[in-house]
1. Could you provide, to the nearest whole Å², the per residue accessible area of the stretch 1-152 with probe 1.4 Å?
2. Note down the net charge around Gly94, summing +1 for each Lys or Arg and -1 for each Asp or Glu among other residues with Cβ under 15 Å from its Cβ.
3. Gain in length, Val21 to Ala148, computed as 0.36 nm per residue apart minus the alpha-carbon separation, to one decimal in nm?
4. Once you have the Cα-Cα distance between His69 and Leu13, take 0.36 nm times their residue separation minus that, and quote the gain in nm to one decimal.
5. What residue among Gly94, Ile50, Ala80 has its Cα farthest toward the positive end of the dipole of the stretch 1-105, where the charges are +1 on Lys, Arg and -1 on Asp, Glu, each on the Cβ?
6. In debye, nearest 20: dipole of the stretch 28-152 around its Cα centre with unit charges on the Cβ of K, R (+) and D, E (-)?
7. Given the C-alpha centroids of the stretch 88-149 and the stretch 38-53, what is the distance between them in whole angstrom?
8. Give the calculated FRET efficiency between Phe101 and Arg121 to the nearest 0.05, with a Förster radius of 30 Å applied to their Cβ-Cβ distance.
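The values are calculated or read from the model by the stated rules, or taken from the named source; none is laboratory data. Just so it is clear, the structure is predicted and the values come from calculations on it, not from any experiment. For neighbour counting, all protein chains shown are included, and Cβ atoms are generated from backbone atoms with ideal geometry for every residue, glycine included. Note: accessible area is taken over every heavy atom of the protein model, side chains too, but ligands, DNA and RNA are not part of it. Shrake-Rupley method; radii C 1.70, N 1.55, O 1.52, S 1.80 Å.
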Amino acid sequence: MTIETLVAKYGLLAILLGAGVEGEAVVVTGGVLAHRGLVPLVPACICAAIGSFVVDQIWFAVGRRFQNHRLILRIRAKPAFARAIALLERRPTGFILAFRFIYGMRTVSPIAIGSSRVPLRTFLPLNAIAAAVWGPVFTLFGFYVGHALDPLIDRIAGKAKLIVLVVLVLIVFVGVIQLLRRLLHKRSSQADDSRP
């Protein structure tokens, strides 16, 4: 069985699981695979959204049900948790819709929201909307990165091309995330310095 056959057979399942467990890198890679014709684009977007939605619902339930468990207490001790709670208290609806897009907040936020007073009936539809946007955005990003990488990929021969493709996508994605993180950190520092 070739790598391409394996990807075609299990790629959507990998995107579904990876979207919830790892996040953006898997979804972007899924978009690149869709560009290469190894998985269909629309199902890749749907799998990314569903995987993200389901895992965040699970983390919300864990945060709600096991608030005093030592694992949750360790997570609550992290600075990102305090930041998530502060953002949630200021703008609950906006934060629930946006936390997936905030670097470093994706994993801790559903737990923080679950341990807050936000009811399930509020979180569930907002989580669904946010996942329905997040999945296609990152899948399409990968799809269009695939266009940019086509000349390079076409020069690579043999089975190694898929591995190189995935590595290149991850490198580009990590670079973009690091750049955005630096810009957001710089902007946040400037905002803190301008306060009296």
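1. Details: 7700 Å² over 152 residues.
So the stretch 1-152 comes to 51 Å² accessible per residue, rounded to a whole number.
2. Values: positive: Arg83, Arg90, Arg91, Arg100; negative: Glu89.
Net of charged neighbours comes to +3.
3. Details: separation 127, 0.36 × 127 = 45.72 nm, distance 2.70 nm.
The Val21-Ala148 span can extend by a further 43.0 nm.
4. On the way: separation 56, 0.36 × 56 = 20.16 nm, distance 3.10 nm.
Extending this stretch completely gives an extra 17.1 nm.
5. Ala80
6. On the way: 14 positive and 3 negative charges, 143 e Å.
Dipole about the Cα centre, nearest 20: 680 debye.
7. 15
8. Values: r = 23 Å, r/R0 = 0.77.
Calculated transfer efficiency: 0.80.
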